[in-house]
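The values are calculated or read from the model by the stated rules, or taken from the named source; none is laboratory data. Computed from a prediction, not measured in an experiment: that's the story for all the values here. Don't worry about glycine lacking a Cβ; one is built from the backbone with ideal geometry, like all the others, and counts go over all protein chains shown. The area values use the complete protein model at the heavy-atom level, side chains included, leaving out ligands, DNA and RNA. Shrake-Rupley method; radii C 1.70, N 1.55, O 1.52, S 1.80 Å.
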4 protein chains.
Amino acid sequence: MSWNTFGRVLRFTTWGESHGPALGAVVDGCPPGLMLSESDIQPYLDARRPGQSKFTTQRQEPDAVRILSGIFEGRTTGTPISLMIENVDQRSKDYSEVAKAYRPGHADYAYDAKYGFRDYRGGGRSSARETAARVAAGGVARKAIPEVSIVAYVSEIGGDAIDRSNIDLSEIDRNPFFCPDPAAATRWESLVDDARKAGSSLGAVVECIATGVPAGWGAPIYAKLDADLAAAMMGINAVKGVEIGDGFEAAKLTGETNADPMRPGEDGPQFTANHAGGIAGGISTGQPVVVRVAFKPTSSILTPVETIDRDGNAAEIRTKGRHDPCVGIRGVPVVEAMMALVLADHKLLHRAQCG
Amino acid sequence: MSWNTFGRVLRFTTWGESHGPALGAVVDGCPPGLMLSESDIQPYLDARRPGQSKFTTQRQEPDAVRILSGIFEGRTTGTPISLMIENVDQRSKDYSEVAKAYRPGHADYAYDAKYGFRDYRGGGRSSARETAARVAAGGVARKAIPEVSIVAYVSEIGGDAIDRSNIDLSEIDRNPFFCPDPAAATRWESLVDDARKAGSSLGAVVECIATGVPAGWGAPIYAKLDADLAAAMMGINAVKGVEIGDGFEAAKLTGETNADPMRPGEDGPQFTANHAGGIAGGISTGQPVVVRVAFKPTSSILTPVETIDRDGNAAEIRTKGRHDPCVGIRGVPVVEAMMALVLADHKLLHRAQCG
Amino acid sequence: MSWNTFGRVLRFTTWGESHGPALGAVVDGCPPGLMLSESDIQPYLDARRPGQSKFTTQRQEPDAVRILSGIFEGRTTGTPISLMIENVDQRSKDYSEVAKAYRPGHADYAYDAKYGFRDYRGGGRSSARETAARVAAGGVARKAIPEVSIVAYVSEIGGDAIDRSNIDLSEIDRNPFFCPDPAAATRWESLVDDARKAGSSLGAVVECIATGVPAGWGAPIYAKLDADLAAAMMGINAVKGVEIGDGFEAAKLTGETNADPMRPGEDGPQFTANHAGGIAGGISTGQPVVVRVAFKPTSSILTPVETIDRDGNAAEIRTKGRHDPCVGIRGVPVVEAMMALVLADHKLLHRAQCG
Amino acid sequence: MSWNTFGRVLRFTTWGESHGPALGAVVDGCPPGLMLSESDIQPYLDARRPGQSKFTTQRQEPDAVRILSGIFEGRTTGTPISLMIENVDQRSKDYSEVAKAYRPGHADYAYDAKYGFRDYRGGGRSSARETAARVAAGGVARKAIPEVSIVAYVSEIGGDAIDRSNIDLSEIDRNPFFCPDPAAATRWESLVDDARKAGSSLGAVVECIATGVPAGWGAPIYAKLDADLAAAMMGINAVKGVEIGDGFEAAKLTGETNADPMRPGEDGPQFTANHAGGIAGGISTGQPVVVRVAFKPTSSILTPVETIDRDGNAAEIRTKGRHDPCVGIRGVPVVEAMMALVLADHKLLHRAQCG
């Protein structure tokens, strides 16, 4: 198993540094014969792009993807699909101060401790730009699961939550926050703007729902669908918590209130609740798969923070690069992409063992 | 990759059904030359054993482990270590009602949907008894990481939380709840007893802390230490949420309040906080690794629940077997075992790439 | 990935030392619903058993297999299948001389160099008895590929080859050499008997043919069917060479003489030759898959051999245990088992990606 | 595990079609801190380049490699190293006839059977040009094993073998055949030229020797060094046989003549023979690792061959593209690269488990 390869059957390997010439992903195990072109992938990258609003990073990257292999006459051949995105806007000089001192909360110190040195420019490989490669790979994965619909949105910023009785999924694309509750979106404008001006940052919670997943995906114990989703989401930059269904709230319920009773139905059982979030015993139940992901606030804030430098002496660091006041916002397309990649992988995995 | 193998370098495969003759684990990749015998593993199984108090399942299993391979003259040879635990107390007749109807919240329906049929006795492979094999494997893993100390405890049952200013780790072994707060332990006696008598069940949160982990374990992006921990914990039966450090609370903080500033120290940097839970960018920072795991309440409750049977007709199910009013309690040794297995794996992984 | 796990989808892990209490295999990823019991596996182990004739090892092992998990009501559940074979006849004292000195040609020296010490009894894990576990696993694999027939036989012993115009597969079970040419079988009786009496040993070549393999199994480049077969066979104890189809003979042919022309046929193309051995570009062509495996002569011979001991001093070694004058003979069921395991794995692999 | 990823710790994934815009490899798990630049890799690609002599393919490709990630200030960072080679000279029109009919001996038919369609241009992914990516990856691997020297040469073409008493390794670079025997090189000039003019092709055997490999690399049973080498070599286009040490010749020897006796030596045992080819029980012994690889003759010959087309009708095919009269010649750098990749992987693997 590789350190940079994710998945069991439909697998992808990403590469590329934030300030290197390009980023990319190699997606392997994709079924043959699927229609695929750059135009299938680009929209997901555009949703993710920095510089889209004053609320996100001010770096201008077109993030244009090229498919370099694995396609013939518009269809996947079954051979590896190499995707490449070139980096255009790299302001290396913004990171000069970072070369010597460690940004608290970032992986700087940990990278140095592990490797002995690091590519400090823009966070090197620990940068969030690597997720562009994952979003591209997610575009390929969706082609393998046409029966599934995936939507993610921000459900909370800085502790301010949406009103769950006021959710309208069509609102998600109408505000800069991927927010399904228009009232919350309005509140968040000032909330995030204030944070940005203050040089501070906020955390967020992203919720992702996949409908159309049939029962039976996921395999017992170590290829559990929920375990793979947990790994996929926790592996996203800045994520500190993952929940399935009721998550930590389930810990407060009783057996009776947490149950998902079943009634007979035409196309299989009708569930009268979904506390389980669509997964039981690691296998999908046919109900919507519900995952919630907690993003911590960005550590690259513009106020000075106490730290040490490479020689172990006290230092202060104030990053001057372009940063997100709330990385969780742009985490939405990434969460969707990881949901797609894990589900597509499990569809093939299930097919491998059970036909 | 196998559906029932976990880990990348130090790997283990478990096998065995709840009501089969035995359970086991094969641990592979263990460094050679480590002292290992049954007496190193048995204590962890004893802590986990059912029938220990009136608060846990009333099934009597000695859970005696045998090491069948991989040891010579008391030391690991580097070859696979096969561990076996025989099942003694299996009351199959308690599960007769379950054969036909699906227990809501269990994997029964999902298993049938996936495989076409299932071994219904005691939950077959989805049963929590499979975790005995994991606890045994964890005993082996700890031998590979003597520099690390791992302790887990229950921090919350049914919404009732410990008082973090009143934590005494030595209390953990003095009550049936692995609880470090004696006042909470007292409250939980009636809380859990009431649930058991009512035939109900409660959820719980387990917290696990590993100290002595040096900086540098974990590798970027897809072998992130936190992602592997998330998969390991989410894969435990009944788990619905995993957090690292502040977890979902971090989503409510700002960049300033969530930062872990560093000061110079003799043996590396001194951190003044640990909101990150010991992991940044997927790599250990040298701080204690803190993981929190949410267990939902058991679905095997003694009050009837609405469900369907194999033919799709409405049915009612009331399980009469022996069940846990709070599975989270016995999840504590399992959480510790998974922490050990993941950390040991990452120690070797780091050594593979970085020497 | 584990050091002792083989396969990609249908995977197995073996464990157990030659002189430990038992050996076993855990087979994972097996499709559910297949009929399986000990009686499906035992015959393959019986064919392999030591002590069957004066031409093979004189150790008496019943090699009775038990299925400890993964079966319910006579069918595979899709969960891991644990197989166990207990060791009965272990004469440890035969190996006392071996503890101190290294047997040339065995892995003794290499094991010590790698691990720092070794379980010297009977070769520990490098013993050919480990293959009993593989043969058992092969019995499971065959259930997943009912459309395929596999037969292997010895085609050469000590340089004396069968006459390919005199092959009768029904002869294989009628002599102690798995030989399809009765004339060769007669010659081999004295050949092998002479070697045994002289305390010497002979090499052999085993040929294995799988018919019924459809076109399309195997995937480009690194999951090539022939590459996986090569690894599977080279991994068998004492194997030093593997060929597919014409093998090394192909290196002497021209493009014209090596071609496998195709003609139209009812059920797909009719090939007029099979120099390729059923595999082209790593993918099966629908023709019989033909593999040839070279076994070196056993190193455990009864005449003294010059060697060194653990302290690096000159020593002489003469093993007195029970040994095969020709391990290739008992390699036949092992070669068949590995063919089954690889083909079954590839059947599922193909299904994963291509449905 | 991925279909296009090879290796266990030091892993690489290749991508790219013969007639696509580019080829590449992502090498992962490389230790950090190694000096690496394009100039370290380019020489191996230059040795491999088509169009170098009249004896090899007449396609002109500069095969210039670019390193797109994983390097900082001239050293490996430990993150994935993405290598890319652009395709320049693609004469698609040469392959028009191939679109409809299957070239016997090629993977055309098998690919169609597997995927339903294929990229027929130049053999798509089954083309030997994919090996350029492997040679590039091999250049990275060598950096991880500076203690090892690897050399490969052609030992036989069309049945005409070198004289082993006349080997001079310095001759390898002085003729177009990587031949260490000048007399054989002279004979091969006319042999190969005659084949090319006749529109025919010849097979070859390539021998590869690695010196400096310490004892202890390789792990029991399924990560055996020889098994991994077998898979690596058999996976090279056109390979039909792999031998370690004496290979198939060992099958003709006796235990006495095949033994590698040991004598005491200063830096470990002195072996007096190397029939085993440097590997015993799957673990390196410290002796030179010797591997031999059989290449079949190219199937793309210029005389018509009987075949069928996509509709199953009889057809004739005569490829007019540019082809190798002996692919084994350019297989030499590929064999060396695979030897490097497998050895580097095993060095890290050994370090993972044994420190």
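Exactly one of these conditions fails for residue D:248: (1) modelled with pLDDT under 95; (2) among the hydrophobic types (A, V, I, L, M, F, W, C); (3) open to solvent by 10 Å² or more (accessible area, probe 1.4 Å); (4) within 21 Å of residue C:290 (Cβ to Cβ). Give me its number.
If we test residue D:248 against (1) modelled with pLDDT under 95; (2) among the hydrophobic types (A, V, I, L, M, F, W, C); (3) open to solvent by 10 Å² or more (accessible area, probe 1.4 Å); (4) within 21 Å of residue C:290 (Cβ to Cβ), just (1) comes out false.
I'd like to know if the stretch A:248-266 contains one or more residues that are of a type outside the set (Val, Ile, Thr) and within 23 Å of the chain's Cα centre (by Cα). Steps first, answer last, please.
Keep residues of the stretch A:248-266 that are of a type outside the set (Val, Ile, Thr), which gives A:248-253, A:255-256, A:258-266.
Now narrow it down to the ones that are within 23 Å of the chain's Cα centre (by Cα): A:248-249.
Taking every residue of the stretch A:248-266 in turn, at least one turns out to be of a type outside the set (Val, Ile, Thr) and within 23 Å of the chain's Cα centre (by Cα).
Has the stretch A:216-227 got any residue that is under 27 Å from residue A:330 (Cα atoms) and β-branched (Val, Ile, Thr)?
The answer is no, given that none of the residues of the stretch A:216-227 is under 27 Å from residue A:330 (Cα atoms) and β-branched (Val, Ile, Thr).
Against the conditions (1) open to solvent by less than 30 Å² (accessible area, probe 1.4 Å); (2) free of Cβ contacts under 8 Å to residues at least 60 places away in the same chain; (3) outside any strand (DSSP E or B), where does residue D:297 fall short? Just the number, please.
Status for residue D:297: all satisfied but (2).
Quick one: residue A:281 ticks every box in (1) modelled with pLDDT of 95 or more; (2) within 8 Å of another protein chain (Cβ to nearest Cβ) except a single one, so which number is it?
(1)
From the list C:249, C:256, pick out the single residue that is part of a helix (DSSP H, G or I) and facing another protein chain (nearest Cβ under 7 Å). So that I can check it myself, show each step before the final result.
Numbers: C:249 fails: facing another protein chain (nearest Cβ under 7 Å).
Answer to the check: C:256.
Can you list residue pairs whose Cβ atoms sit under 6 Å apart, with the first residue in the stretch C:230-250 being of a type in the set (Asp, Glu) and the second being open to solvent by 10 Å² or more (accessible area, probe 1.4 Å)? Count only pairs 6 or more apart in sequence or on different chains.
C:243/C:292; C:246/C:275
Of (1) surrounded by fewer than 24 Cβ atoms within 10 Å (Cβ to Cβ); (2) at pLDDT 85 or above, residue C:329 satisfies all except one. Which?
Among (1) surrounded by fewer than 24 Cβ atoms within 10 Å (Cβ to Cβ); (2) at pLDDT 85 or above, residue C:329 violates only (1).
Of the conditions (1) open to solvent by 50 Å² or more (accessible area, probe 1.4 Å); (2) touching a Lys or Arg at 6+ places or on another chain (Cβ under 8 Å), residue A:197 satisfies every one except a single condition; which number is it?
So the condition that residue A:197 fails would be (2).
Quick one: count up the residues across the stretch A:227-243 that are open to solvent by 10 Å² or more (accessible area, probe 1.4 Å) and more than 9 Å from residue A:293 (Cα to Cα).
Result for the stretch A:227-243: 4.
Quick one: in the stretch A:201-216, of everything that is open to solvent by less than 10 Å² (accessible area, probe 1.4 Å) and at the interface with chain B (Cβ under 8 Å from one of its Cβ atoms), which residue is farthest from residue B:12 (Cα to Cα)?
Going residue by residue through the stretch A:201-216, those that are open to solvent by less than 10 Å² (accessible area, probe 1.4 Å) are A:201, A:203-208, A:210, A:213, A:216.
Restricting the remaining residues to those that are at the interface with chain B (Cβ under 8 Å from one of its Cβ atoms) gives A:201, A:203-205, A:216.
Details: A:201: 41, A:203: 36, A:204: 36, A:205: 34, A:216: 24 Å.
Looking at the filtered set, the residue picked out is A:201.
Go through the residues of the stretch A:270-277 one by one and say whether even a single one is within 30 Å of residue B:195 (Cα to Cα), among the aromatic types (Phe, Trp, Tyr) and more than 8 Å from chain B (Cβ to nearest Cβ).
Of the residues in the stretch A:270-277, the ones within 30 Å of residue B:195 (Cα to Cα) are A:270-277.
Remaining after also requiring among the aromatic types (Phe, Trp, Tyr): A:271.
Filter once more, keeping what is more than 8 Å from chain B (Cβ to nearest Cβ): A:271.
Yes, the conditions are met somewhere in the stretch A:270-277.
Here is a check on your reading of the model: is residue D:146 open to solvent by 40 Å² or more (accessible area, probe 1.4 Å), more than 19 Å from residue D:204 (Cα to Cα) and without any contact (Cβ under 8 Å) to a residue 24 or more places away in the chain?
Working: open to solvent by 40 Å² or more (accessible area, probe 1.4 Å): yes; more than 19 Å from residue D:204 (Cα to Cα): yes; without any contact (Cβ under 8 Å) to a residue 24 or more places away in the chain: yes.
Here the answer is yes, as residue D:146 does meet what is asked.
Table: residues versus (1) in contact with a Phe, Trp or Tyr (Cβ under 7 Å, 6 or more places away or on another chain); (2) over 24 Å from residue D:253 (Cα atoms); (3) in contact (Cβ under 8 Å) with a residue 40 or more places away in the chain.
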position: C:169; (1), (2), (3): no, yes, no
position: C:185; (1), (2), (3): yes, no, no
position: C:197; (1), (2), (3): no, no, no
position: C:200; (1), (2), (3): no, no, yes
position: C:210; (1), (2), (3): no, yes, yes
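Assess whether residue C:166 counts as being at pLDDT below 95 and within 26 Å of residue C:286 (Cα to Cα).
Details: at pLDDT below 95: yes; within 26 Å of residue C:286 (Cα to Cα): yes.
It is true that residue C:166 is at pLDDT below 95 and within 26 Å of residue C:286 (Cα to Cα).
With C:304, C:288 as the choices, which residue is at pLDDT 90 or above and more than 7 Å from chain D (Cβ to nearest Cβ)? Lay out the reasoning, then the answer.
Details: C:304 fails: at pLDDT 90 or above.
Just a single option satisfies the conditions, and that option is C:288.
Go through the residues of the stretch A:156-167 one by one and say whether even a single one is open to solvent by 40 Å² or more (accessible area, probe 1.4 Å), among the hydrophobic types (A, V, I, L, M, F, W, C) and either touching a residue at least 60 places away in the same chain (Cβ under 8 Å) or out of contact with any Pro (no Cβ under 9 Å at 6 or more places or on another chain) (or both).
The answer is yes, given that some residue of the stretch A:156-167 is open to solvent by 40 Å² or more (accessible area, probe 1.4 Å), among the hydrophobic types (A, V, I, L, M, F, W, C) and either touching a residue at least 60 places away in the same chain (Cβ under 8 Å) or out of contact with any Pro (no Cβ under 9 Å at 6 or more places or on another chain) (or both).
For residue C:233, work out the one condition from (1) modelled with pLDDT under 95; (2) within 8 Å of chain D (Cβ to nearest Cβ) it doesn't fulfil.
(1)
Table: residues versus (1) assigned to a loop (DSSP other than H, G, I, E, B); (2) modelled with pLDDT under 95; (3) farther than 30 Å from residue A:195 by Cα.
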| residue | (1), (2), (3) |
| --- | --- |
| A:39 | no, no, yes |
| A:51 | yes, yes, no |
| A:60 | yes, yes, no |
| A:63 | yes, yes, no |
| A:66 | no, yes, yes |
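Which residues, taken from the stretch C:334-355, are over 15 Å from residue C:144 (Cβ atoms) and in contact with a Leu (Cβ under 8 Å, 6 or more places away or on another chain)?
Of everything in the stretch C:334-355, just one residue is over 15 Å from residue C:144 (Cβ atoms) and in contact with a Leu (Cβ under 8 Å, 6 or more places away or on another chain), namely C:353.
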